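Down below is the structure, laid out as structure tokens.
The values are calculated or read from the model by the stated rules, or taken from the named source; none is laboratory data. Small disclaimer: the values here were computed from a predicted structure and weren't measured. Positions of Cβ are backbone-derived with ideal geometry, glycine not excepted, and every protein chain shown enters the neighbour counts. Keep in mind that these areas ignore ligands, DNA and RNA; they rest on the heavy atoms of the full protein, side chains included. Shrake-Rupley method; radii C 1.70, N 1.55, O 1.52, S 1.80 Å.
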Amino acid sequence: NHRSIFDYIGRTRLYDGCFQSETGLAGDATFKAKPRDIEQLSACLAIARPGSLKYIPDLVKYYHTGERKKLHPQIDEILKDTGNIIIYQESINDICQQVYGLSAVDSDEVRRAISKKKREDIKKWEPVIFEAGESKGIPRDVTKTLWATCHASADYLFVEAHRLSYAYLA
């Protein structure tokens with residue numbers, strides 16, 4: 001019974017033997033957010049990475065109230081399942097391509113620079129992203145938020161393809 005699993009997760013902090021949530025930030029995020037399904041649990045495990053961990057309070061608030069910070073209509077649509085928080089590398093790829101108008105190849109280069117922790121490669125994309133944002137009429141503060149996440153993500157941002165397998169293991 002899946003409901004009993006999530007009820008247990010929501011009322012205890014004893015995650016001994018639970019993959020990725022036994023200790024540390026992922027366990028704290030899981031306890032505070034009280035996920036109600038496998039999708040939410042996967043986000044709790046993934047958010048505890050350098051690129052997104054500062055948004056744990058926002059994820060908790062989103063799960064408890066449904067409230068999410070508005071960034072930009074197109075970005076909000078891409079990030080609707082994660083409460084408008086960039087948790088996965090693929091979200092950066094989607095935002096760069098669909099919102100900023102980068103080609104599929106260039107968007108993947110930004111994502112790859114992040115995934116491979118190549119700070120010099122990430123730096124070279126900064127002016128490209130800001131110029132694209134300006135030409136598309138995207139407010140500078142929205143681009144700054146995106147770029148701050150990209151920069152922090154050079155230390156690690158979760159791969160979306162792994163999210164459910166990590167959650168099922170937990």
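Observations on the structure shown:
- The lone criterion from (1) in a helix (DSSP H, G or I); (2) farther than 16 Å from L79 by Cβ left unmet by V142 is number (2).
Conditions (1) free of Cβ contacts under 8 Å to residues at least 60 places away in the same chain; (2) touching a helix residue (DSSP H, G or I) at 6+ places or on another chain (Cβ under 6 Å); (3) among the charged types (D, E, K, R), marked per residue:
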| position | (1), (2), (3) |
| --- | --- |
| Y100 | yes, yes, no |
| D121 | yes, yes, yes |
| A132 | yes, no, no |
| K136 | yes, no, yes |
| A148 | yes, no, no |
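- Filtered by the rule that a residue be at pLDDT 85 or above, of a type in the set (S, T, N, Q) and open to solvent by 30 Å² or more (accessible area, probe 1.4 Å), segment 115-170 gives S135, T145.
- Tabulated pairs, segment 17-46, first basic (K, R), second modelled with pLDDT under 85, C-beta under 6 angstrom, 6+ apart or interchain: K34/G10; R36/F6
- Failed criterion for Q74 (all others in (1) at pLDDT 90 or above; (2) under 24 Å from H2 (Cα atoms); (3) surrounded by 15 or more Cβ atoms within 10 Å (Cβ to Cβ); (4) not small (G, A, S) hold): (2)
- Residue that is farthest from V128 (Cα to Cα) [pool: residues in segment 97-107 that are surrounded by 20 or more Cβ atoms within 10 Å (Cβ to Cβ) and at pLDDT 95 or above]: V99
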